[in-house]
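The values are calculated or read from the model by the stated rules, or taken from the named source; none is laboratory data. Everything numeric here is computed off the predicted structure, so don't read it as measured data. Backbone-built Cβ (ideal geometry, glycine too); neighbour counts: all protein chains shown. Note: areas computed on protein heavy atoms with side chains; ligands, DNA, RNA excluded. Shrake-Rupley method; radii C 1.70, N 1.55, O 1.52, S 1.80 Å.
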Protein chains: 2
Amino acid sequence: MVEKSASPREDADLFEISSFTPYLLAQAADAQSDVFSRNYRNRYGMLRTEWRVLFHLGRHGEMSAKEISERASIHKTKVSRAVRALEEKRFLSRVTNSEDRRSERLSLRPPGQEAFRHLCRAAQDYESALEQRLGRQDAGKLRDLLKRLSRS
Amino acid sequence: MVEKSASPREDADLFEISSFTPYLLAQAADAQSDVFSRNYRNRYGMLRTEWRVLFHLGRHGEMSAKEISERASIHKTKVSRAVRALEEKRFLSRVTNSEDRRSERLSLRPPGQEAFRHLCRAAQDYESALEQRLGRQDAGKLRDLLKRLSRS
DNA sequence: TGTTGTTAGTTGCTTTTGTAACTAACAAGG
DNA sequence: CCTTGTTAGTTACAAAAGCAACTAACAACA
């Protein structure tokens, strides 16, 4: 037993990518958004940004595109396109804000509210399944750690 | 104090998107890859998939595109494009496998090895900073949880 | 008013990703 | 040898994201 591996570098210099956090994050994010959002897309034909916008409008009520953009940290061009898509699906209505005619008050129409309720149920089911898988404690810990990471 | 909020839905039906795991994952993944990979891109002009491929070749030595694709769970078309880009930067060489001429043996050239070493150092620095921020215990816990999530 | 600077939102263009179809090489059986 | 089926890798096309430039509305002030 002279050599343990045929790796091209000394072990001291090696770094295991499979434990590299940004890599793990990307991997996990892909895996989970596949599980959830792909599913969701099939049902309502919505893209990820669209259901994020829907989520915010459903949860917090009438607001402007700017507010959504800030709250959700989504770039304004993405919000703009998502709003248009949701309007075309008749999920929301836009009314020019009379106080400041540059902006519009966005709000969910009944079909949008229905989709929001359905989305909430799906999200809750998803979280329950996750807690089953990771355990209640660890699922909570994960959310906590991810929140801390996002603030940077 | 009659109403606590002007939300359009009953609280019982509400679901807080800011605690929704797939959403938190996407947010955190974006934030962290910004911190790391954007930085890295500037230095070597590489995209995320490119340095992932580089990582695998540097760490495990000569292998085929197929093997990279399997080990790293990257779709073969992405690997194909990354390999071409790395070849154009003269970071790797491709030699047709004489055993099976459909595939090629890929290996890092000196500049690629240099980039790999630099990447390892940067990744280690990144992880150190993360451990400082989250604490050693929690950083480890995070990696552990993310690994469990990826297996699905 | 008119000028300058800022903000909300949209549009156009370029880069990147995802998907499906394709080529070339192989393998097994007739 | 000639099918038939499979595999490694590439290419072409469509969907999506990122970025910069643009329009319209506002605000402050000479």
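If you scan the range A:66-105, which residues turn out to be open to solvent by 30 Å² or more (accessible area, probe 1.4 Å) and part of a helix (DSSP H, G or I)?
Selection gives A:Lys66, A:Glu67, A:Glu70, A:Arg71, A:Lys76, A:Thr77, A:Lys78, A:Ser80, A:Arg81, A:Arg84, A:Glu87, A:Glu88.
Would you confirm whether any residue within the range B:61-75 is near DNA strand C (Cβ under 9 Å from one of its atoms) and over 16 Å from A:Pro22 (Cβ atoms)?
Yes, that holds for at least one residue.
What do you reckon, is B:Arg143 within 12 Å of another protein chain (Cβ to nearest Cβ), within 28 Å of A:Ala28 (Cβ to Cβ) and open to solvent by less than 50 Å² (accessible area, probe 1.4 Å)?
Taking the combined requirement at face value, the residue satisfies it.
Can you name the condition, by its number, that A:Glu62 falls short on among (1) within 10 Å of chain B (Cβ to nearest Cβ); (2) modelled with pLDDT under 95?
So A:Glu62 meets the others, but not (2).
Suppose we filter A:Phe55, A:Phe20, A:Phe36 for residues that are open to solvent by less than 70 Å² (accessible area, probe 1.4 Å) and modelled with pLDDT under 80; which single one remains?
That would be A:Phe36, the only listed residue that is open to solvent by less than 70 Å² (accessible area, probe 1.4 Å) and modelled with pLDDT under 80.
Have a look at A:Ala129, A:Ala139 and point out the one that is touching a residue at least 12 places away in the same chain (Cβ under 8 Å) and either within 12 Å of A:Val53 (Cβ to Cβ) or not in a loop (DSSP other than H, G, I, E, B) (or both).
Residue meeting the stated conditions: A:Ala139.
A:Ser107 - would you say it is within 13 Å of DNA strand D (Cβ to nearest atom) and at the interface with another protein chain (Cβ under 10 Å from one of its Cβ atoms)?
Numbers: within 13 Å of DNA strand D (Cβ to nearest atom): no; at the interface with another protein chain (Cβ under 10 Å from one of its Cβ atoms): yes.
No, not satisfied.
Working carefully through the options A:Leu86, A:Leu47, find the one that is out of contact with any Leu (no Cβ under 6 Å at 6 or more places or on another chain), within 14 Å of DNA strand D (Cβ to nearest atom) and among the hydrophobic types (A, V, I, L, M, F, W, C).
Details: A:Leu86 fails: out of contact with any Leu (no Cβ under 6 Å at 6 or more places or on another chain).
Exactly one of A:Leu86, A:Leu47 is out of contact with any Leu (no Cβ under 6 Å at 6 or more places or on another chain), within 14 Å of DNA strand D (Cβ to nearest atom) and among the hydrophobic types (A, V, I, L, M, F, W, C), namely A:Leu47.
Taking the condition more than 14 Å from chain A (Cβ to nearest Cβ) and either more than 19 Å from A:Ala28 (Cβ to Cβ) or of a type outside the set (A, V, I, L, M, F, W, C) (or both), does B:Arg121 pass?
no
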